[in-house]
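Could you have a look at this structure, given as structure tokens, before my questions?
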Amino acid sequence: MTRGNGRAGFTLVELMVVIIIVGLLASFAIPRFSKAVYRTKAAEFPTVLTAIYNAELSMHDETGMFGPLAELDVDEESVKASKLFEYSVASDDWGSGFTAVATVKPPGFGGAKAGHKATIDNSGTRGGDKELVQYARSWQ
């Protein structure tokens, strides 16, 4: 702070130093914050796909076959109401296997673009595009 002719204030150099420091701090904080937001968004699909997987196994125990999403004992309204993912179940011709799929809706988020998928099949094998599953540690 300068104190020439009775006026107090900061010099331009002091202000520039403070702006540079704030900019450097922001350059470290913003990417970390963004990644945390993406992880929060991606936390939805492991929960829903696991619920679908468990409902399929339960249906198989009761009927001996796997079924479509509409026939499963899952909260279908919350699955349809997802703003980030579209969920589907594909089963083979004889109902002896299935694959549950979570597809990212447009516009996507982070590295997960629209159309990226995560899957789980009747054997419990998890898969998906690495751009999506990188945000869900429990899916890797």
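The values are calculated or read from the model by the stated rules, or taken from the named source; none is laboratory data. These numbers were taken from a predicted model, which means no experiment stands behind them. Cβ: placed from backbone, ideal geometry, glycine included. Neighbour counts: every protein chain shown.
Which pairs turn up if I take residues in the stretch 31-55 that are of a type in the set (Lys, Arg) and look for partners that are part of a helix (DSSP H, G or I) and surrounded by fewer than 19 Cβ atoms within 10 Å (Cβ to Cβ) with beta carbon separation below 9 Å, at least 6 apart in sequence or on another chain?
Note: pairs meeting the criteria are Arg39/Arg137.
Only one of these is within 23 Å of Gly111 (Cα to Cα) and either modelled with pLDDT of 90 or more or not in a helix (DSSP H, G or I) (or both): Phe33, Phe45, Phe28. Name it.
Going through Phe33, Phe45, Phe28 in turn, the sole match is Phe45.
So Asp93 fits all but one of (1) more than 24 Å from Val37 (Cβ to Cβ); (2) touching a residue at least 12 places away in the same chain (Cβ under 8 Å); (3) in a loop (DSSP other than H, G, I, E, B); what number is the exception?
Only one criterion is unmet by Asp93, namely (2).
Shifting gears a bit: If we keep just the residues of the stretch 56-100 that are within 22 Å of the chain's Cα centre (by Cα) and closer than 13 Å to Asn122 by Cβ, which is surrounded by the most Cβ atoms within 10 Å (Cβ to Cβ)?
Step by step, filter the stretch 56-100, then rank; the result is Ala100.
Let me ask you something else. Looking only at residues that are in contact with a strand residue (DSSP E or B) (Cβ under 9 Å, 6 or more places away or on another chain), farther than 14 Å from Leu49 by Cα and not charged (D, E, K, R) in the stretch 107-131, which one is surrounded by the most Cβ atoms within 10 Å (Cβ to Cβ)?
Ala112
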